[in-house]
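What follows is a short report on a single structure.
The values are calculated or read from the model by the stated rules, or taken from the named source; none is laboratory data. It should be emphasised that the depicted structure is a prediction, and the values quoted were computed from it without experimental measurement. Counting neighbours? That spans all protein chains shown, and the Cβs are built from the backbone with ideal geometry, glycine included. Ligands, DNA and RNA are stripped out before the accessible areas are found, and what is left, the full protein with its side chains, is counted by its heavy atoms. Shrake-Rupley method; radii C 1.70, N 1.55, O 1.52, S 1.80 Å.
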Amino acid sequence: MVSLRDINPYLDELTALRHDLHAHPEIGMEEHRTADLVARELERLGIEVHRGVGRTGVVGVLRVGNGEGAIGLRADMDALAMAEANDLPYRSTIPGMMHACGHDGHTTMLLGAARYLVETRRFNGTVNLIFQPGEEGAGGAEAMIADGLFERFPCDSVFGMHNRPGLDVGQYRITPGPAMAGGAFFTVTVEGRGAHGARPEDSIDPVPAVAQITLALQTIVSRNMPPEERAVVSITRLSGGDAFNVIPQTASLGGTIRCFSRALMEKIRERIETVAAHTAEAYGARATVSFRPIFAPLINDKEQAALYADAAAELVGEGAVDRHGAAVMGSEDFSFMTERVPGAYIHVGAGPGRTLHHELYDFNDAVIPYGVALYVSVVERKLAPEAF
Ligand SMILES: [Zn+2]
Ligand SMILES: [Zn+2]
């Protein structure tokens with residue numbers, strides 16, 4: 001079984017690779033240089049490479065022995081559209097783009113695992129190395145799935161990870177079952193009849209309707225959700241006319257919802273539509289609702305989560321693994337993969353430092369061995385030679 005110490009010989013090279021990725025960030029679905037670098041690195045290792053899976057996604061296929069088992073390991077590759085405020089030798093060279101979520105580190109760690117697995121070959125079966133584009137709301141996981149990810153590269157199980165500032169380096173946290181919220185964005189547009197601001201009797205004013213709908217939607221969580229469930233409905237945008245003396249023809253509101261099941265997402269959508277339609281109607285106006293699911297709820301398969309935690313405990317000891325972390329309202333599009341294949345997603349401690357998406361964030365290179373060794377450990381467990 002792999003140990004953290006086994007990763008040491010790789011660290012200099014992996015750290016240099018991570019800094020190179022950090023200096024060249026690319027936003028979602030535009031990761032051309034990154035994908036090329038990943039593909040060339042996999043080819044150099046002698047791994048079968050498939051480029052362009054879901055536009056800029058890359059899949060490496062590593063087969064050892066005659067085992068029929070197959071596992072997917074996933075890392076995300078995209079950066080964010082924000083300017084970096086760090087003064088680092090390897091700071092972003094691309095204006096307005098930055099690796100502020102540590103996907104440079106995730107990509108590096110999966111490449112490190114690929115190298116270790118090629119050199120040691122202590123498993124029997126197929127490892128699919130999934131380098132996903134566009135995690136930050138750009139639909140990268142869905143793009144790979146729509147491009148036949150799991151038909152072309154069948155997996156019995158799939159594993160993802162994310163670095164977590166605030167959790168000590170050398171610690172892991174996992175949440176069996178519902179782990180991260182699903183999310184959707186919505187817009188309600190109310191159409192009335194515009195008029196002069198001094199002549200309301202000529203208008204059907206959409207503004208009070210939008211104001212009333214904004215308040216009425218606040219009751220979805222308090223009155224329509226089971227109290228033991230967690231859900232959020234946040235209205236974050238309001239807009240109406242532009243002039244002081246014109247009653248506008250239309251006004252709108254928009255926001256985001258979060259919850260932990262597809263059924264509740266559907267219920268919230270239904271409530272938004274009903275409340276918007278009937279409230280607007282009461283004012284003589286008409287409402288249309290656009291509801292766009294962005295992330296599915298992330299549900300960790302209990303069996304895979306336990307195995308993932310076992311693999312982590314083998315590396316750092318049981319005391320450094322939180323097997324029952326609290327579910328969080330944040331979202332992650334790895335959820336679309338775990339909807340199709342039993343899988344699990346773990347938080348890897350990244351120590352003190354800036355939070356994710358901060359302009360001064362930088363992936364902590366001390367995390368690299370903990371990610372590489374965990375990917376390897378889960379392969380050695382799931383595809384153990386003696387199991388076949
Ligand atoms: Zn992020
Ligand atoms: Zn991220």
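Taken along its three principal axes, the alpha carbon spread of the range 182-295 comes to 49, 23, 17 Å, from the longest extent down to the shortest.
Work out how much length T93 to T288 would gain on full extension: take 0.36 nm times their residue separation and subtract the Cα-Cα distance, in nm to one decimal.
On the way: separation 195, 0.36 × 195 = 70.20 nm, distance 4.34 nm.
So the extension gain works out to 65.9 nm.
Projected onto their three principal axes, the Cα atoms of the range 1-90 cover extents of 49, 35, 20 Å, largest first.
A 1.4 Å probe, protein heavy atoms only, puts the accessible area of C155 near 20 Å².
Normalise the Cα radius of gyration of the range 305-388 by 2.2 N^0.38 Å (N = residues in it) and let me know the number.
Numbers: Rg = 14.7 Å, N = 84, 2.2 N^0.38 = 11.8 Å.
Compared with the compact-globule rule of thumb, the range 305-388 sits at 1.24.
Sequence-ordered 3J(HN,Hα) estimates for the range 298-309 from the Karplus curve with 6.51, -1.76 and 1.60 and θ = phi - 60° stand at 8, 10, 7, 4, 4, 5, 5, 5, 5, 5, 5, 5 Hz, glycine and proline given as x. Considering only beta bridges that DSSP places wholly inside the chain, some 70 percent are antiparallel. Compute the Cα gyration tensor for the range 1-156, then decide on rounded, prolate or oblate, letting a ≥ b ≥ c be the square roots of its eigenvalues: rounded whenever a/c is under 1.5, prolate when a/b is larger than b/c in the other cases, and oblate in all that remain. Because a/c hits 1.5 or more and a/b fails to exceed b/c, the range 1-156 counts as oblate. Compared with the rule-of-thumb size 2.2 N^0.38 Å for a compact globular protein, the range 281-347 has a Cα radius of gyration ratio of 1.74.
Once backbone amide H atoms are built at 1.01 Å from N, A79 has E26, I27, G28 as its partners under 5 Å, excluding neighbours fewer than 5 places away on the same chain. Label positions at E273 and Q249, each projected 7 Å from the Cα along the C-beta direction, are separated by 2.6 nm. The Kirkwood radius of the range 258-370, taken over pairs of alpha-carbon atoms, gives through the Stokes-Einstein law at 20 °C and 1.002 mPa s a diffusion coefficient of 121 µm² s⁻¹. Annotation: amide H-H contacts under 5 Å for Y345 (H modelled 1.01 Å from N, sequence separation of 5 or more, or interchain): G160. Under the rule a/c < 1.5 gives rounded, and otherwise a/b versus b/c splits prolate from oblate, where does the range 77-188 land using the Cα gyration tensor? Verdict is oblate for the range 77-188.
Expressed as a whole percent, how much of the Cα-Cα distance distribution for the range 129-234 exceeds 17 Å? Above the 17 Å cut-off, the range 129-234 has 75 percent of its Cα pairs. Considered as an equivalent ellipsoid built on the Cα gyration tensor, the chain has semi-axes of 45, 23, 19 Å, the largest given first. Computed on the chain, with alpha-carbon pairs under 8 angstrom and 6+ residues apart, the relative contact order is 25 percent.
With contributions of -39500 (n - 2.57) from each DSSP H run of at least four residues, the per-residue ellipticity at 222 nm computed over the chain stands at -9500 deg cm²/dmol. The phi-based Karplus calculation (6.51 cos²θ - 1.76 cosθ + 1.60; θ = phi - 60°) puts the 3J(HN,Hα) values of the range 56-72 at 9, x, 10, 10, x, 10, 10, 10, 9, x, 10, x, 8, x, 9, 10, x Hz, whole numbers, x for Gly and Pro. Separation of the range 90-120 from the range 318-384 is 14 Å, based on Cα centroids.
Around S261, under 10 Å between beta carbons, what's the net of Lys plus Arg minus Asp minus Glu among the other residues? With Lys, Arg at +1 and Asp, Glu at -1, the neighbours total 0.
Under 12 Å from a point placed 7 Å out from the Cα of V232 along the Cα-to-Cβ direction: which residues of the range 238-280 have their backbone N that close? Those under the cut-off are 256-260. GNM on the chain, alpha-carbon springs under 10 angstrom: the most fluctuating residue among E339, E151, E359 is E151. 3J(HN,Hα) along the range 28-35: x, 6, 10, 7, 6, 5, 4, 4 Hz, from the Karplus curve 6.51 cos²θ - 1.76 cosθ + 1.60 with θ = phi - 60°, whole Hz, x for Gly and Pro. Taking a ≥ b ≥ c as the square roots of the eigenvalues of the Cα gyration tensor, the range 130-187 is oblate, since a/c reaches 1.5 or more and a/b is not larger than b/c.
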